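This report refers to the structure that appears directly beneath it.
The values are calculated or read from the model by the stated rules, or taken from the named source; none is laboratory data. Predicted model only: the values in this text are computed from it and were never measured. All Cβ positions, even for glycine, are placed from backbone atoms using ideal geometry, and neighbour counts span all protein chains on display. To get the accessible areas, we keep the full protein, side chains included, count just its heavy atoms, and leave off ligands, DNA and RNA. Shrake-Rupley method; radii C 1.70, N 1.55, O 1.52, S 1.80 Å.
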Amino acid sequence: EYLELFNTYPWSPPETYRRQEDALISGLRELNLTFRTVLEVGCGFGRITKLMLEQFKEIEHYTAVDISKGQIENANEYVGKEPRLSFIVSDSEDLGIQIKYDLVLSVEMLMHCNPELAIPNMIRCANVAIANLDNGTLDEDENGSLVNTFDYGRLYMALGCKKIIVKRALPFQLLWIG
């Protein structure tokens, strides 16, 4: 029922999310890296969680975090029984996770928090890479392409990431840690 509501939001048609999902999956595949452990910060109802687990069978453990207990319940229902998946209710600005993951993933989360507090937590949990895709600050350029008007990549770099590996017109950024 939540997915049905999501798909009918008037401000974001489903094709926008398909473009976003395609950018994320193709960007991660271009790296030819294996991510056995993944932390998703701000999983919402599980749209990206389910996509990642379907697309990357090599994932051994996937932890999905959201500040909302209701969204965690929605995600658990949407994703279904998945032995590689665990959920945590937690705030991205005060993330209590103390282990490192091969990939830390954030999709449309930074626009809902203070990125200067959330990003250091994500960097602390990342062993190899951070993937960030955030449509919260999109504008159209002179060609009608979507561009990110807030450069989260610059903030990630200022807070400790070493370099941006992939940056696309859709605001997908993959940042290297190790």
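Rounded to the nearest 0.05, what FRET efficiency do M157 and H112 have when you use their Cβ-Cβ distance and R0 = 22 Å? Approximately 0.50, to the nearest 0.05. In the assembled protein chains, S106 presents an accessible area of approximately 0 Å² (probe radius 1.4 Å). Full extension of the chain between S68 and D22 gives 13.9 nm of extra length, using 0.36 nm per residue less the Cα-Cα distance. Sorting D134, D94, D102 by solvent-accessible area of protein heavy atoms yields D94, D102, D134, largest first, with a 1.4 Å probe.
Simple spin-label estimate for Q98 and E54 gives 3.7 nm between the two label positions (7 Å along the Cα-to-Cβ direction from each Cα). To the nearest 10, the accessible area of K100 is 110 Å² with a 1.4 Å probe. Across the range 28-130, the mean sequence separation of Cα contacts (distance under 8 Å, 6 or more residues apart), normalised by length, yields a relative contact order of 30 percent. In the range 25-135, the portion of solvent-accessible area held by carbon and sulfur atoms comes to 48 percent [1.4 Å probe, whole percent, DNA, RNA and ligands not counted]. R124 contributes about 80 Å² of solvent-accessible surface, heavy atoms of the protein only, 1.4 Å probe.
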